[in-house]
Every structure is written in C-alpha cells, then in structure tokens.
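Below is one structure, written out as structure tokens; the observations come after it.
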Amino acid sequence: MALVTTKDMFAKAYDGGYAIGAFNVNNMEIVQGITEAAMDLNAPLILQVSKGARAYANHTYLMKLVEAAVEETGLPIALHLDHGDSFETCKSCIDGGFTSVMIDASSKPFAENIEITRKVVEYAHDKGVVVEAELGTLAGVEDEVNVSAEDSSYTKPEEVEEFVEKTGCDSLAIAIGTSHGAYKFKPGTKPQLRFDVLEEVSKRLPGFPIVLHGSSSVPQEFVEKINKFGGNMAGAVGVPEDQLRHAASLSVCKINIDSDLRLAMTASIREYMAEHPDHFDPRQYLKPARQAIKDMVAHKIVDVLGCNGKA
C-alpha cells in the first residue's frame, strides 16, 4: 500500500462521528510507537512533520521512515506537513512525496490568507495533494509557531464560507480555545472549548472536515514523572479529553497531538536514566520510551479519537 491522502478517511470520519489522530514525528522510535499502536488497533493514521522536524531529521530520512511504516503495517497512512509557513515550504513537501500539506497564513489579514492559501491549493491539487488551511490563531509555542495569548483569536464563523469557497482548501483548522504546547491554560482554571463556535462553523460548512490543533491533554502522570526526576513543569495544563471526544463526535475529523508524545517520551527516558545512571546504550532507554508512546497513542485512538477498527 502507498501513502494516501486524507480525503477518504475524513469522509468516513465525518459520517462515523470519530476523528483521525495526526501525530507529529521526529525520529524512528516515535514513528514506530505511533504506527505499532495504530496497527494493533486497525486505525487509520496521519503522520505529520513540522518545518522544525524537517530541519532536525532531514526530509529524506523522514520520508523513508514513513514509507517503512506503510510497508510494515499495511495501514492507510497520510503524510502531512504541519504548519507550512510559505508556498515554498509547501511546494517542497508536495514535490518530495507528502500527500497532504497545511498552509498556515492565519496570522495574515483575511484577504492575504485567502490569496496565499489559494496559491498552495492550486499547486497541490494539480499534484493530487490535499490542503489544510487555518482561520483564527491559536496561542502557544511549538516549533516554529509562537503566538501570544494577546495575539490569539477565535475563528469567526461568518468568514468560513467565503474562505473555503475562494481558496478551495480541503479541510479547515479553527481556533476554539485549544493551544499549542504544554502550558495551554492557567493553573486552577477549568478549560472549556468554544463548542458554540464549532457548531456555528459546522452549520455553515455542512459535511466539511474541521481540524483541531494544539489538542494534547498533557497527562499529569507524565508531568509528575518529569518533575520527580529533575524537571520543572509546574502549571502544565492540557485540553480535557472528554471535550476532545465530544469534538470528534461532531465535525472535527482531525485532531493534532504532539506535546503528549514529547511528554511520554521524555518522562520515560528521565525515569530510566534515574534508575540506571550507569547505562549508556541508547537502545536501553529508547525502547521503553517507544513503548510509552505506543501506550499513549493507543489510549488516544480508543478513548479520545474513536477511530479504532476504522482503517
């Protein structure tokens, strides 16, 4: 099986009331942990790569890792560019074998966002690649994305129809209160996503796939483990998983998860090195880290996304 686009998997997810997990990858162990969990649960999968991941691991290495995952699992897997910041970055990924790209011009004025997105869409569609765009801006820090709370804004439902019609994008990332990184909300507050915005967008775009970025739940077991072994992550608060599951039952077809992968891996490695300070073989501490990612992804697939058995 070859890499696929998200078009068919999103159509099935929308009709089935579940979402597909879009997990960021940076190295072999992360790819293996994610895909082994998806294979065990027969779940469709989106592996996504940020601009920072391409700079860190090299485009060619990442492509070969994902191709190996497709060969090993036989699953429908889409390879997606996360937060492409320019036409040139998107073009490079399209020409390099990605089946899906995101152009994030959400920080630009509305008309300029449309113009940039439409240019990417025209090039991508000519190559059989699908495009995700974004309206509204999420707060937080993750790789190349750095938006202050003051500069963040909810998606305006009254703009979505014009935006989708004029750009021709295939899915739309919206801002309803999620946030990039592990520090999404102030400690002690009760996070609440703006489902009124989501519902209004869904009414205006019936049948159209919606995407949520910044959707890691920041499990406290990982935070506590990191803190126990020398870290300092006081105040890390994520998105409640019951709210994500509710979003997945509506029009949200793609939910992005990155921070939780990093937390699971880091917590496992910190614990291992604290318990085995004399070990220096990377295989010894990366093996349990890979298992931690696999366990976390399996939980997300079953309890949050609801896409197990849907491959």
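The values are calculated or read from the model by the stated rules, or taken from the named source; none is laboratory data. Since this is a predicted model, take the numbers as computed values, not measurements. Positions of Cβ are backbone-derived with ideal geometry, glycine not excepted, and every protein chain shown enters the neighbour counts. Please note that ligands, DNA and RNA were not included when accessible areas were found on the heavy atoms of the full protein model with its side chains. Shrake-Rupley method; radii C 1.70, N 1.55, O 1.52, S 1.80 Å.
For a quick size check, give me the Cα extents of the chain along its three principal axes, largest first, whole Å.
Largest to smallest, the principal-axis extents are 60, 46, 35 Å.
Identify, among Pro277, Ala247, Leu263, the residue whose Cα sits farthest towards the positive end of the charge dipole of the range 236-309, taking +1 on the Cβ of Lys and Arg and -1 on the Cβ of Asp and Glu, with the dipole about the Cα centre.
Working it through, the farthest residue towards the positive pole turns out to be Ala247.
With viscosity set to 0.890 mPa s and temperature to 25 °C, compute the Stokes-Einstein D of the range 201-304, Rh being the Kirkwood radius across alpha carbon pairs; µm²/s, no decimals.
161
Using a cut-off of under 16 Å, list every residue of the range 71-106 whose amide N is near the label point 7 Å from the Cα of Glu159 along the Cα-to-beta-carbon line.
Only 103-106 pass the distance filter.
Can you give me the % of accessible surface on the chain that is carbon or sulfur? Probe 1.4 Å, all protein chains present, nothing else counted.
On the way: 6670 of 13420 Å².
C and S atoms contribute 50 percent here.
Give me the number: length gained by fully extending Asp40 to Phe229, i.e. 0.36 nm times residue separation minus the C-alpha to C-alpha distance, one decimal in nm.
Gain in length upon complete extension: 64.9 nm.
Between Ala68 and Ala274, take the C-beta separation as r, use R0 = 30 Å, and let me know the FRET efficiency to the nearest 0.05.
Result of the calculation: an efficiency of 0.40.
Could you give the nm distance between label points at Asp95 and Ser249, where each point is 7 Å from its Cα heading toward the beta carbon?
Rounded to a tenth, the inter-label distance reads 4.7 nm.
Can you compute the equivalent ellipsoid semi-axes for the range 1-156, i.e. the square root of 5 times each eigenvalue of the Cα gyration tensor, sorted largest first and rounded to whole Å?
26, 17, 17
For Asp242 and Asp126, compute 0.36 nm times the residue count separating them, minus their Cα-Cα distance, and round to one decimal in nm.
So the chain would gain 37.9 nm between Asp242 and Asp126.
For Asp85, Asp126, what's the largest-to-smallest order of accessible area, 1.4 Å probe?
Listed by decreasing accessible area, they come as Asp126, Asp85.
Per residue, how large is the accessible surface of the chain? Use a 1.4 angstrom probe and give square angstrom.
Ligands and nucleic acids excluded, the figure is 43 Å² per residue.
For the chain, what does -39500 (n - 2.57) per DSSP helix run (n ≥ 4), summed and divided by total residues, give at 222 nm, in deg cm²/dmol to the nearest 500?
-14500 deg cm²/dmol
How much of the DSSP beta bridge set in the chain is antiparallel, as a percent to the nearest 5?
10
Express the C-alpha Rg of the range 158-228 as a ratio against the empirical globular expectation 2.2 N^0.38 Å, rounded to two decimals.
Here the answer is 1.43, to two decimals.
Which pairs, out of Lys7/Lys108; Lys91/Lys166; Lys203/Lys310; Lys91/Lys300, put more than 24 Å between their alpha-carbon atoms?
Details: Lys7/Lys108 27 Å; Lys91/Lys166 20 Å; Lys203/Lys310 26 Å; Lys91/Lys300 31 Å.
Long pairs (Cα-Cα over 24 Å): Lys7/Lys108; Lys203/Lys310; Lys91/Lys300.
Stick to the Cα atoms of the range 1-75, pair each with every other, and give me the Kirkwood hydrodynamic radius in Å at one decimal.
Numbers: mean 1/r = 0.0773 Å⁻¹.
This gives a value of 12.9 Å.
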